[in-house]
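Report on one structure; see the data block that follows.
Nothing in this text is a laboratory measurement; each read-out follows from the coordinates by a stated rule. Just so it is clear, the model here is predicted, and its values are computed rather than measured. We place every Cβ from the backbone using ideal geometry, glycine too, and count neighbours over all the protein chains shown.
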Amino acid sequence: MLNTIKQNAVFIALSLILIAVLGLALIYIPKDQLHLLLCNRHTPARDIFYRYYTHVAEWFPYVVCIAVLLFGRIGDGVFASAAMLLSALFTQIVKHIVVAPRPLTWFSEHFPSIQLPLVDGVKMNLWYSFPSGHTTSFFALAFVASILITSKLSGSSRSSSCLVQLVLVLLATLGGYSRIYLSQHFALDVFAGALVGTLITLICYTVLYRYEDKKWYNYRICTKKGDR
C-alpha cells in the first residue's frame, strides 16, 4: 500500500495542490466573481474542445473498466469498476440531497442582468449542481489509471512514471475545468468532485489491494492459448 502511494506521489501531490488552490480561491473570491473569472475566456477553438471533451467522462471510464476486466487481472477490473461506480453513486446521492442550482439558474435569480457565455449545441442543466459528477469521473478514472499504469512501470525509469502521472492529472483537470467553462457547474462543485473521485479511488484500492496475492484477483478472462 505504501509503495503504491510512493509510486503515485506525483499524481497525489498535484491533485492535492490543485484542490487546495481551488479551495483557497473559493474562500477568498465571491462565488459569482470566481465563476465569471474562470468561464469568461471563450474562443471558438476552446468552445469546440470543451464541448466534446466534457462528454469523455460519460462513457470512457466504463469502457476502461470493461477492458481491464476482460484483458487484465480480475482484481484490477474490480478495483477500477468499484472506484468508478461508488464515486458516481456517492455523487448522485449528494446531488439529490442538496439539489443545488446550476450556474444558469443561480445567475438568473441573483444577477439577471449578467449573461453567461454559453456554447452553441450544449444542453444546459438547471439543477443538481453539487458536486460535479463529470469531475468525479475524470479524477477517479485518472487516479485508477495512474495506479494501474505505474504498477506496470515500477521497473522503468522514474521519469516515465512521473510523466504519465503528470499527463493524467492534466487530463482530469481539463475535464473538471470543462464543467466551469461550459457553465454547467460552479468551482465549488468541481472542487468537491475532484475530492470525491480521488478519495473514493484511494479507499477502494486500500480495501482491495490486500487481496492482490489471491488467485481470483490475478485470474484473467482473456488469456493466451499457452497460458491455459
Could you sort out which of Lys6/Lys215; Lys6/Lys95; Lys95/Lys123; Lys152/Lys215; Lys95/Lys214; Lys6/Lys123 sit more than 30 Å apart by Cα distance in this structure? Lys6/Lys95; Lys95/Lys214; Lys6/Lys123
Students often get this wrong: which residues of the stretch 157-193 have the backbone nitrogen under 17 Å from the point 7 angstrom along Cα-to-C-beta of Gln115? 183
Once amide H atoms are placed 1.01 Å from N in the peptide plane, what residues at a sequence separation of 5 or more from Trp127, or on another chain, have their amide H within under 5 Å of its amide H? Arg102
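Can you put Ser81, Ser113, Ser157, Ser178 in order of Cβ neighbours within 10 angstrom, beginning with the fewest?
Fewest-to-most Cβ neighbours within 10 Å comes out as Ser113, Ser157, Ser81, Ser178.
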The alpha-carbon center of the stretch 85-104 and that of the stretch 1-70 are separated, in whole Å, by 17
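Mind checking the stretch 1-70 for trypsin sites (Lys or Arg not before Pro) that DSSP puts in a loop (not H, G, I, E or B) and that have at most 16 other Cβ atoms within 10 Å?
Listed in order of number, the matching sites are Arg41.
Taking the stretch 81-166, which chymotrypsin sites (Phe, Trp or Tyr not before Pro) meet the DSSP loop condition and have no more than 14 other C-beta atoms within 10 Å? Before the final figure, lay out the partial values.
Values: sites: Phe90, Trp106, Phe107, Trp127, Tyr128, Phe138, Phe139, Phe143; in loops: Tyr128.
Of the chymotrypsin sites (Phe, Trp or Tyr not before Pro), not one in the loops of the stretch 81-166 has a Cβ with at most 14 other Cβ atoms within 10 Å.
With a cap of 16 neighbouring Cβ atoms within 10 Å, and only residues DSSP puts in a loop, list the trypsin sites (Lys or Arg not before Pro) found in the stretch 90-199.
Working: sites: Lys95, Lys123, Lys152, Arg158, Arg179; in loops: Lys123.
The qualifying sites are Lys123.
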Ordered by residue, what ³J(HN,Hα) values in Hz, to whole numbers, does the stretch 171-180 give under the Karplus form 6.51 cos²θ - 1.76 cosθ + 1.60, where θ = phi - 60° and Gly and Pro are x? 5, 5, 5, 4, x, x, 5, 4, 5, 6
